[in-house]
Structure formats: structure tokens, C-alpha cells
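Heads up, the thing below is written out as C-alpha cells.
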Amino acid sequence: MPRAQLQYVTDELNKLREQGLYTKLRVLEGEQLPVSRFDGREVINLSSNNYLGLTTHPKLRERALEAVRRFGVGSGAVRTICGTMTLHVELERKIAAFKQVEDSVVFQSGFTANAGTVQAILTRDDIIISDELNHASIIDGCRLSRAQIKIFPHKDVDACEKILKEIAGVKGHKLLITDGVFSMDGDIAPLPGLVELAEKYGCVMMIDDAHSSGVLGHNGRGTVDHFNLHGRVDIQVGTLSKAIGALGGYVCSTLEMIDFLHQRARPFLFSTSHPPSVAATCIAAFEVLEEEPQVIENLWANTKFFKAGLKNLGFDTGASETPITPIMVGDAALANQFSRELFQAGVLGLGNGYPTVPLGKARIRTIVTATHTRDELQQALDVLERVAKKLRII
């Protein structure tokens, strides 16, 4: 029985159950694979961020084991005390070279990389101009910075410029920030137009490339490379937890900006650094991106096949341009029911509703990977069709 002062938590959970919005954690019983075992059931996995299948790549496995043998299992401290290992320095140099920037710094997650950077570089005297669908980590960083926040409609470059004109004479630093690929819709930011505005109005330009790194650009270098905007984006944030296949986040920028984050970014200052095995694994992952471009080619070939199948079946996939492909449902309770019945039929596709996405725009978010076979994707399409027709979604 809950203590009296915690009863409100139980009441809120019961409301979610009554509304059909309560979700349970699916437990993975083995490796993160295209077909995985969750809660005792083998299902085609359409929910993983493991875009390139690197979570089980032989080179990454071996590098992790080697690091444990040489360096142990933990780093023992935060970076500023005695937790900076040679592997961390090597990883950051690898990332900087890969992204073609002066320097980089690794954080414990993509979330802390975003939130910690925005909070560190701005104050209450500054202004942030942010896309309305930016990731929660950006939103939290904006709030923590205490800067004034201006929101422009999703991907609306003209509306963004209108805001910039209105604040042109206002004192303070200005940060223009966007996702590279938006995590719920799978569309790509209008980065060229935003970069031009940042240069025109003297803004710091920052991009969160979490779902772009390893997916867009030459060898997966991300949105900046995709649009050939090297040297024109001041801060790039990426993740080591998605296409890279391991854990963590990173920030790429100038030498001075990275040095400043060493001094002021709270997640960097107050969280223990990556275990040696994780750092070594990430180094190996960037080597794979450069040496095995066919994995990205496979990802896009599978994406094209799956999107075409969904379109032919009559599904609404929104504005997706990437392997993130939402299946729009609208009602959150229906999306969750769709997800549950898909799971029973052999497909893992999780429902997303408010507050993850706007009210009335609930969906099943699907992500194909480089390691799905065509037979697996066709089987998933067959299941999606059968269940969606039963629920009158198509």
C-alpha cells in the first residue's frame, strides 16, 4: 500500500490506465537484433535506434573486451578529477576528425550533451530561437539556461526570420537551435536556410544531430555534411547511443568552445566518465562507418522498401524523409491498442502520444535498420496491414 503522501502518484497512474494511455516496459531477453525476444515473445523489432546493427558488430565486441582486459570496467571519477583516460581523449579526437571540426567533448548521453551545453553557454540575458518540435533535451537545456525562449513553427524559416527581425536590437547572445532529423516525424531540418539566418543576424548556430549521425551525409557524418555546411554550424551535438551502437553523446565545436564546456558544463563536471569498454567500442564504431559504407547503403535500401510498402497499404507516414517512419493514428488510446495487438502478432512497434508528440497526433514510430532482411520487413508489413484493418486504421 502506498504511503498517504504518495497516493496522488497512484491516482495519476490509474487515470492513465483508464484512458488507455498506460504503457509497460518491454524487457529484451538477449541481443538487440532485427528479430528480438521481448517478454518471452519473438518479434520483428521496428523500435530500435540501432540503425546500423552495430550493437552486435564483431569489431565492436572485440574492442570492448580488449578494453576491459587492459583498463578494467570503470573510470573511477569525473573527467576533471582523475577520470579522463587515454581512451576518452582518443575518442574525442576521432569524433572531431570524423565531423571535420576543431575539437569535441564526450558526455554521458545525448540528452546531457544538449541540456548541458545550452545551459552552460547562455544566461538570463540571452535569447534562444528554437523549432517547436525540438527534442526534450533541448527544451530542458533552454529552461535551465534561464534565457528568453522564442519558438518558431516547425521548419518555418520565414517565421524564424520574423522573430530574428523583432529581436535584432535586443542585447544579449542569440542561439538558433534545431534538430537535424526530428525524432518523432523523421523529417530533416531546413538547415541551409537557418544557417543563412544565423549568419545574417549574428546568432550562434547549434544543431542536434542525434538521429542524423550515422544516417545522413558521407559515411554518416550527419546533417551538416548532408547539406555541405562545414564551418558554418557553430555547435554540433551527436549521440553514441543510436547508430554508433553504444552509449553517450558528444559536442563538436571550436577549441575554445570545447574548453569552455570543460569548465562550465555541469553534466561533464559532475558525472563519472564513460567506462573504458564503452569508449573503446565507440572508437571502433567510427572506424566501421569509414571502412564499411555498405551498412549505410543497406539502411537506406531497407528504408526505401519499407516506406514504399507502407504507402502502398494506405498508411499515413507524415513528412518522413529518413528511416524514422511514423504511422499516424491520431488518437493516443488507439495507437497504444495498435501497438499491443502488433506485439501479439509478432511486431514490436511502440505507440507515441502526448506529451511525446502533440495532442491528436499519436502514432506508431517505426525504424528499420541495415540488418533487417527483406523477408522480415515484408512480414512486418503483412502484420501491420492485418492489424490496422482490424482496428479500421486503414
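The values are calculated or read from the model by the stated rules, or taken from the named source; none is laboratory data. Bear in mind that the values here come from a model prediction, so they are computed numbers and not experimental data. Here the Cβ is made from the backbone with ideal geometry for all residues, glycine too, and neighbour counts use every protein chain on show. Accessible surface areas use protein heavy atoms only, side chains included; no ligands, DNA or RNA. Shrake-Rupley method; radii C 1.70, N 1.55, O 1.52, S 1.80 Å.
Quick check on the range 287-307. Is at least one of its residues within 21 Å of Val383 (Cα to Cα) and either open to solvent by 50 Å² or more (accessible area, probe 1.4 Å) or not in a helix (DSSP H, G or I) (or both)?
yes
Enumerate the pairs (first residue in the range 1-27 and surrounded by 11 or more Cβ atoms within 10 Å (Cβ to Cβ); second residue anywhere and among the β-branched types (Val, Ile, Thr) and assigned to a loop (DSSP other than H, G, I, E, B)) with beta-carbon separation below 9 Å, excluding pairs fewer than 6 apart on the same chain, so at least 6 apart or on different chains.
Final answer for the pair search is Leu16/Thr23.
Please state which of the following conditions Leu269 fails to meet, knowing it meets all the rest: (1) more than 20 Å from the chain's Cα centre (by Cα); (2) within 26 Å of Glu297 (Cβ to Cβ).
Checking Leu269 against (1) more than 20 Å from the chain's Cα centre (by Cα); (2) within 26 Å of Glu297 (Cβ to Cβ), the one that fails is (2).
For the range 177-188, how many residues are outside any strand (DSSP E or B) and either of a type in the set (S, T, N, Q) or buried (at least 24 other Cβ atoms within 10 Å of the Cβ) (or both)?
Total satisfying the criteria: 4.
Give me a count of the residues in the range 60-80 that are part of a loop (DSSP other than H, G, I, E, B) and open to solvent by 90 Å² or more (accessible area, probe 1.4 Å).
Residues in the range 60-80 being part of a loop (DSSP other than H, G, I, E, B) and open to solvent by 90 Å² or more (accessible area, probe 1.4 Å): 1 in total.
Of the residues Val278, Val224, which is surrounded by fewer than 24 Cβ atoms within 10 Å (Cβ to Cβ), of a type in the set (A, V, I, L, M) and either at pLDDT 95 or above or assigned to a helix (DSSP H, G or I) (or both)?
Val278
Quickly run through the range 351-373 and pick out the residues that are part of a strand (DSSP E or B) and among the hydroxyl-bearing types (Ser, Thr, Tyr).
Thr366
Go through (1) touching a helix residue (DSSP H, G or I) at 6+ places or on another chain (Cβ under 7 Å); (2) crowded, with 20+ Cβ neighbours inside 10 Å; (3) outside any helix (DSSP H, G or I); (4) of a type outside the set (Asp, Glu) one by one and return the number of the condition Ile394 breaks.
Failed condition: (2).
For the range 28-38, which positions are in contact (Cβ under 8 Å) with a residue 40 or more places away in the chain, of a type outside the set (A, V, I, L, M) and in contact with a helix residue (DSSP H, G or I) (Cβ under 8 Å, 6 or more places away or on another chain)?
Pro34, Phe38
For the range 105-120, indicate whether the set of residues that are exposed (fewer than 14 other Cβ atoms within 10 Å of the Cβ) and not in a helix (DSSP H, G or I) is non-empty.
No - not one qualifying residue is present in the range 105-120.
Among the residues of the range 34-46, what is the count of those that are surrounded by fewer than 19 Cβ atoms within 10 Å (Cβ to Cβ) and on the phi < 0 side of the Ramachandran plot?
5
In the list Val368, Val357, which residue meets the criterion of being open to solvent by less than 10 Å² (accessible area, probe 1.4 Å) and out of contact with any Phe, Trp or Tyr (no Cβ under 6 Å at 6 or more places or on another chain)?
None of the others qualify; the one that does is Val357.
Please determine, by comparing only the residues of the range 156-176 that are touching a strand residue (DSSP E or B) at 6+ places or on another chain (Cβ under 7 Å) and either within 15 Å of Leu229 (Cα to Cα) or part of a loop (DSSP other than H, G, I, E, B) (or both), which one is most open to solvent (accessible area, probe 1.4 Å).
Looking at residues that are touching a strand residue (DSSP E or B) at 6+ places or on another chain (Cβ under 7 Å) and either within 15 Å of Leu229 (Cα to Cα) or part of a loop (DSSP other than H, G, I, E, B) (or both), I get His173.
Within the set of pairs 6 or more residues apart or between chains, which connect a residue that is over 22 Å from Leu197 (Cα atoms) and open to solvent by 10 Å² or more (accessible area, probe 1.4 Å) inside the range 131-146 to a residue that is assigned to a loop (DSSP other than H, G, I, E, B) and basic (Lys, Arg) with Cβ atoms less than 9 Å apart?
Once the first residue is over 22 Å from Leu197 (Cα atoms) and open to solvent by 10 Å² or more (accessible area, probe 1.4 Å) and sits in the range 131-146, its partners that are assigned to a loop (DSSP other than H, G, I, E, B) and basic (Lys, Arg) give Arg146/Arg124.
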